[in-house]
Structure formats: structure tokens, C-alpha cells
Amino acid sequence: MSRGFVKEDDQEEAPFIPPRSALPAGVTNYVTPRGYEQLVKERENLEEKISNLNIENEKERRHARATFTGSLNLLNERIGTARILKPSEQPREEVRFGAQVSFKFTDGKRKGSIQKFQLVGVDEANIKENKIAFVAPLANALTGKKKGELAEVTMGGEIQHLEILEIEYS
């Protein structure tokens, strides 16, 4: 049918479906047991929203359903590729996935300040909870290091030197 015979009101924009946290191509989707539980709970919540969609306007209902369904498909893909790594089963003597790492800056503006982060999956990462994705530059700089060793990472355009103070697994 020619576009000239279609009402403008019939034109529906494709819904915007927010992408999931970035996971580089070819990188295994590691998750902690807690991170996996959060993904499953998120799926349950989305499924509930879809089944309880109570919008009277047909166009708005289709749009909402398409948005939730698209998000659910992305989530199911992420869950399907998840590989659960238990922090308690990681080597204790070095920084690995799931570790809580305390370190101090040994130079620069932050010299002497101490930070503590846990290395987690990309979907579980939350800077407010001091959780960083295992693919983040800081996590890459810390991974494989032992207590007392120095790590080097570029932060804010400057090379920072960090000393590993503590490595904990729970």
C-alpha cells in the first residue's frame, strides 16, 4: 500500500529498548551467585509486568508490551550466557573475579587514599555499592595481583599506581 493512504495516527514508532550493560564481544559472561539471583528476579518482575499490563489505550498497551518483551529477550539472552563463578572457590592469594580488593593510591592527587571494590559481573556492577565490572580497566589492572603488589591503571587521564592492601572472598 502506498504511504499516501496511511493515516499519520497509524504510524507507531518502534519502542526504545535500553541496552544491557556492555559485555565485550567474545568475553564470557561471568556472574556471582548473587548477580545471577538478581538477573532471575529481574526476569520474574518483567514477566509479571507483561502479564499484568493494565493499559486501556491499545496503542500504549502495544508499545509497553513491546518494550517489556524486548527487555525480557535481552535479559533472557544474558541469563542464557551466564557462567556462575563462586567467589569462595577462587584462589585466595590473588585478585580474581568476585574478590573484594582494598588498595591505596601510592602517588598523584589521591596519594594515601584507600578504596575497596568487589569485582563482579557487568550486570551486577554498581559504583554506589563499590562493585565494578570485571571488564573495567581498574578490575583488569588489579586482576592477578597479590597482597602488597603494585598495579598501574590510567584514571582521569593519569597513570595511577595502586598498592594491594587486602584481598577478601565471601
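The values are calculated or read from the model by the stated rules, or taken from the named source; none is laboratory data. Values in this document were obtained by computation on a predicted structure and should not be read as measured data. Positions of Cβ are backbone-derived with ideal geometry, glycine not excepted, and every protein chain shown enters the neighbour counts.
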Residue match in region 104-119 (condition: under 13 Å from the mean Cα position of the chain (by Cα) and not assigned by TED's automatic domain parsing to the domain that holds ASN29): yes
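Could you check region 16-65 and list, in sequence order, the residues that are of a type in the set (Val, Ile, Thr) and assigned to a helix (DSSP H, G or I)?
VAL40, ILE50
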Lone unmet requirement of (1) closer than 26 Å to THR28 by Cα; (2) in contact with a helix residue (DSSP H, G or I) (Cβ under 9 Å, 6 or more places away or on another chain) for ARG83: (2)
Long-range neighbours under 7 Å by Cβ, at least six apart or interchain, first residue closer than 11 Å to GLU124 by Cβ within region 16-35, second aromatic (Phe, Trp, Tyr) and in a loop (DSSP other than H, G, I, E, B): TYR30/PHE97; TYR30/PHE134
Selection within region 144-170 - within 11 Å of ALA99 (Cβ to Cβ) and of a type in the set (S, T, N, Q): SER170
For PHE68: the one exception among (1) part of a helix (DSSP H, G or I); (2) of a type in the set (Phe, Trp, Tyr); (3) in contact with a Ser or Thr (Cβ under 8 Å, 6 or more places away or on another chain): (3)
Verdict on GLY98 being surrounded by 15 or more Cβ atoms within 10 Å (Cβ to Cβ), small (Gly, Ala, Ser) and either more than 20 Å from LYS131 (Cα to Cα) or in the same structural domain as LEU138 (by TED's automatic domain parsing) (or both): yes
Condition check for PHE134: outside the structural domain of PRO19 (by TED's automatic domain parsing), among the hydrophobic types (A, V, I, L, M, F, W, C) and either in contact (Cβ under 8 Å) with a residue 60 or more places away in the chain or in contact with a helix residue (DSSP H, G or I) (Cβ under 6 Å, 6 or more places away or on another chain) (or both): yes
In region 2-36, residue farthest from LEU119 (Cα to Cα) [restricted to those that are among the hydrophobic types (A, V, I, L, M, F, W, C) and at pLDDT 60 or above]: ALA14
Test: residue in region 65-78 that is of a type in the set (Lys, Arg), more than 27 Å from VAL27 (Cα to Cα) and either assigned by TED's automatic domain parsing to the domain that holds ARG34 or in contact with a strand residue (DSSP E or B) (Cβ under 8 Å, 6 or more places away or on another chain) (or both): yes
